[in-house]
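Q: Shown below is the structure under consideration.
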Amino acid sequence: MAGFYEDEGRLRGILGWIFSTDHKRIGLLYLFAILFFYAIGVLLGFLMRLELMAPGPTIMRPQTYNAIFTLHGVIMIFLFVIPGIPSIFGNFFLPIQIGATDVAFPRLNLLSWWIYMIGAVLAVLSLFTGGGPVDTGWTFYVPYSLRTSVNVPLAVFAVFILGFSSILTGINFVTTTHQLRAPGMTWFRLPLFVWAVYATAWIQVLVTPVIGITLLLTLMERLVGVGIFDPAKGGDPLLYQHLFWIYSHPAVYIMILPAMGVISEIIPVFARRTIFGYKAMAFSILAIAVVGSFVWGHHMFVSGQSDLASIIFSLLTFLVAVPSGVKVFNWVSTLYKGSIEVTPPLLFALTFIFLFSIGGLTGLFQGALATDVHLHDTYWVVGHFHYVIFGGTGFALFGALHYWFPKMFGRMYHKKIPYFAWALLFVGFNTLYFPMLILGWQGMPRRYFDYLPQFHSLQFVSTIGSWILIGGLILMFGNLIHSLFRGEKAEGNPWGGATLEWQIPSPPPKENFVETPQVERGPYEFR
Amino acid sequence: MKNHKDNTVSTLGMWLFLLSEILLFGGLFIICSVYRYNHSRIFHLAAESLNRPLGALNTLILLTSSLTMALSIFFLKNRRSERSLFFLFLTIFLGLFFLSNKYFEWASKVHHGVYPNAPVLLERERGEVLFYGLYYSMTGLHGLHVLVGIGLLSVMFVSVLRGKIDHERILPLKNTGLYWHLVDIIWIFLFPLFYLIT
């Protein structure tokens, strides 16, 4: 490997990486850290499924199960999906795609990674200190999180720290997109991935502080008992839920928008057509970001908020479906009469559209006030969420890995294996999560350790699905890791992409461009 | 040209950071308005018991410190680093003065048994527990920001003294100034919220 890998700075070896301010190296640092935590999250999910394979205690006790589903949620959400695409691919490709040499604040960028790692270490530490692993679920709902004897303070503090990392990354990306675009890189020549990461960065800057203060108050509640969220002292738990979801709903868009950006990159390249409705795509990203920030109350339809509030939140929720629908429509229209080449990245992108559509449509059931009463807190919600976030963001991340792998590492992976891995993933995924939708419809509550006998067969099927899915993951990552060392050398532009990152060697040189590029055409104008 | 570009980049980043700070306090302001609405009478009574002259003095101190901060930047721009240092020192002094007043204010409350989770406080009405919970949380978080500000100002002081920051490389001082003004503005909202609106 050459390019930025070879350029040794002041420090050598591992120090040359963990103290590097090069956005590409930081992107890779995030890649390995995030995939490491992903592996742990998958393992925890696997254990949960194993426990649920049969009614009654199978391999663990209820308290362990509570700790495991909490940990699965905290790790997957705060350590994997939220930082996932923006921190890995945003760091690596945002500057290159706009023709810059680095992000606006390279040192701040490195600091963000360190803060992320510190937060992650604290989260892990919370398992073994204090009263043991947290059992509250990833939402840390009061008043239970104030009463339980487990180590809530450290876990909450860890998430607070992770929020800092997210805010700093957001500030960096907004500033970079505004100030460091190459000559000729107008706003409407930006690749849609940049638009998506840009909109995401705004959400990160604007809503992460709200969960920051919420968690800080929860921490104070535990340590000194200020009483703000404690019903015993007059505090209002519903207020906690409001503040929590003011962040955590937009956080869902922090998870999905960058994924949509990735899909908008992959589809035009492998359909050899310019994206259908570029401006509609860009504006729908912004619309999702803006409207999505005002729908948090749909998590609280049965929590006791006023009917009027519920009706407004329900309406706004349905409104988000419009720009999301625009995007799905435009992706499909881009394929229409295109010269389609079904490469592994495109396969993952198409799967994204399929699974995300199921996830999105099942979401509308919950967004409707009456049906939500039936579906709330059931497996339906678990199924819906995994279809959107795993089927959506997860598969987009796999697609992004296969799309940008040759650019990032300068090597091409074995091209046949991803198809087999995809087949396992696709079958495993649907076997794992589709039964959950049915189970929820039938009334199986989420987060339960045990269940009635009539749910047994579907729970069993779901567990089998988890095995197939993990098989697919092992095959896919095995292939990528193998190719990292043994893969053939990749060309600068193996896919024939038109965006700037494909116009430079693979892997990119240290300063990205030999001379500042002059941009004269849009991102999807193929010659 | 390059330098000018760098300035714009760094200033934009600073403003975004300040925006996130406003939202951090925003969460607290939301909670405060909800509880004020729910317990308006008790909030009114509790506000009466706060030391209004001391609060007013602290407001005056912070407002003055914003002026001295601006003057420090002004003089450094005009290459008069000694005057700049003087006003920077004054700003730090005013910040410390603010915190010491805050300390005495808190201490007198604590002395009367009014602090979070205090047995005396918990026997009183729910609204009062919430009022003081918010009072300590919000002025506490603000005080923490003043403390961080004093730290930043001290770093600036040393940097100007050593000539690392001068009229050409004034940006860190300007950004510190922006931060200091934000801390000031937040107090300008906190003061009427707790001391004046009754």
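Q: Given the structure, is A:Gly359 under 20 Å from the mean Cα position of the chain (by Cα) and within 24 Å of A:Ala396 (Cα to Cα)?
A: The answer is yes for A:Gly359.
Q: A further question follows. Any residue in segment B:26-40 that is facing chain A (nearest Cβ under 7 Å) sitting within a Cβ distance under 8 Å of a residue that is not in a helix (DSSP H, G or I)? List the pairs, counting only those 6 or more apart or interchain.
A: Note: pairs meeting the criteria are B:Ile31/A:Ile228; B:Val34/A:Asp236.
Q: Something else now. Check A:Ser483, A:Ser457, A:Ser462, A:Ser506 and return the single one that is farther than 28 Å from A:Arg272 by Cβ, surrounded by 20 or more Cβ atoms within 10 Å (Cβ to Cβ) and of a type in the set (Gly, Ala, Ser).
A: Checking each option against the conditions leaves just A:Ser462.
Q: Another one. So if I check each of B:Leu153, B:Leu141, which one is part of a helix (DSSP H, G or I), farther than 28 Å from A:Pro231 by Cβ and not acidic (Asp, Glu)?
A: B:Leu153
Q: Within segment B:41-60, which residues are crowded, with 20+ Cβ neighbours inside 10 Å and away from chain A (no Cβ under 14 Å)?
A: Of everything in segment B:41-60, those that are crowded, with 20+ Cβ neighbours inside 10 Å and away from chain A (no Cβ under 14 Å) turn out to be B:Gly55, B:Asn58.
Q: Output yes when any residue across segment A:448-462 is closer than 30 Å to A:Asn66 by Cβ and in contact with a Phe, Trp or Tyr (Cβ under 6 Å, 6 or more places away or on another chain), and no when none is.
A: yes
Q: Just to check your reading of the model, which residue among B:Tyr195, B:Tyr179 is in contact with a Gly (Cβ under 8 Å, 6 or more places away or on another chain) and more than 22 Å from B:Leu19 (Cα to Cα)? Talk me through it step by step, then tell me what you get.
A: Values: B:Tyr179 fails: more than 22 Å from B:Leu19 (Cα to Cα).
None of the others qualify; the one that does is B:Tyr195.
Q: Follow-up. How many residues does segment B:152-198 contain that are modelled with pLDDT under 95 and in contact with an Asp or Glu (Cβ under 7 Å, 6 or more places away or on another chain)?
A: Summing the residues that are modelled with pLDDT under 95 and in contact with an Asp or Glu (Cβ under 7 Å, 6 or more places away or on another chain) in segment B:152-198 gives 1.
Q: Out of all the residues in segment A:454-502, which are over 30 Å from A:Pro55 (Cβ atoms) and touching a Ser or Thr at 6+ places or on another chain (Cβ under 6 Å)?
A: Passing the criteria: A:Ala490, A:Gly492.
Q: If you check B:Gly133 against the conditions, is it at the interface with chain A (Cβ under 9 Å from one of its Cβ atoms) and either more than 17 Å from A:Phe229 (Cα to Cα) or in contact with a helix residue (DSSP H, G or I) (Cβ under 8 Å, 6 or more places away or on another chain) (or both)?
A: Judged against the criteria, B:Gly133 is a match.
Q: List every residue pair whose Cβ atoms sit under 7 Å apart, with the two residues 6 or more apart in sequence or on different chains, where the first one lies in segment A:220-248 and is facing chain B (nearest Cβ under 8 Å) and the second, anywhere, is surrounded by fewer than 20 Cβ atoms within 10 Å (Cβ to Cβ) and not in a helix (DSSP H, G or I).
A: A:Val224/B:Asn117; A:Gly225/B:Asn117
Q: Moving on. Collect the residues in segment A:173-219 that are more than 11 Å from chain B (Cβ to nearest Cβ), surrounded by 24 or more Cβ atoms within 10 Å (Cβ to Cβ) and part of a helix (DSSP H, G or I), keeping them in residue-number order.
A: A:Leu192, A:Phe193, A:Val194, A:Trp195, A:Ala196, A:Val197, A:Tyr198, A:Ala199, A:Thr200, A:Thr218
Q: Continuing with the same structure: Inside segment B:108-139, can you point out the residues that are touching a residue at least 40 places away in the same chain (Cβ under 8 Å) and more than 27 Å from B:Val183 (Cβ to Cβ)?
A: B:Glu125, B:Arg126, B:Gly127, B:Glu128
Q: Out of A:Thr70, A:Thr64, I need the residue that is surrounded by 20 or more Cβ atoms within 10 Å (Cβ to Cβ), of a type outside the set (Phe, Trp, Tyr) and over 19 Å from A:Ile481 (Cα atoms). Which one?
A: Answer to the check: A:Thr70.
Q: I'd like to verify a number: residues in segment A:17-48 that are surrounded by 16 or more Cβ atoms within 10 Å (Cβ to Cβ), β-branched (Val, Ile, Thr) and part of a helix (DSSP H, G or I), how many?
A: Count: 4.
Q: Report, by residue number, each residue of segment B:100-134 that is in a helix (DSSP H, G or I) and surrounded by fewer than 16 Cβ atoms within 10 Å (Cβ to Cβ).
A: Result: B:Ser100, B:Tyr103, B:Phe104, B:Ala107, B:Ser108, B:Val110, B:His111, B:Pro119, B:Val120, B:Glu123.
Q: Now a separate question. Checking the conditions here, which among B:Ile73, B:Ile30 is in contact with a Phe, Trp or Tyr (Cβ under 9 Å, 6 or more places away or on another chain), surrounded by 15 or more Cβ atoms within 10 Å (Cβ to Cβ) and of a type in the set (Val, Ile, Thr)?
A: From the options B:Ile73, B:Ile30, the qualifying one is B:Ile73.
Q: Give all pairs with beta carbons closer than 7 Å in which a residue from segment A:201-212 that is more than 13 Å from A:Trp245 (Cα to Cα) meets a residue that is of a type in the set (S, T, N, Q) and crowded, with 23+ Cβ neighbours inside 10 Å; count only pairs at least 6 apart in sequence or on separate chains.
A: That search, which allows pairs on different chains as well, returns A:Gln204/A:Ser166; A:Gln204/A:Thr169; A:Val205/B:Ser20.
The values are calculated or read from the model by the stated rules, or taken from the named source; none is laboratory data. These figures come from a predicted structure and were not determined experimentally. Cβ atoms come from the backbone with ideal geometry, glycine included; neighbour counts cover every protein chain shown.
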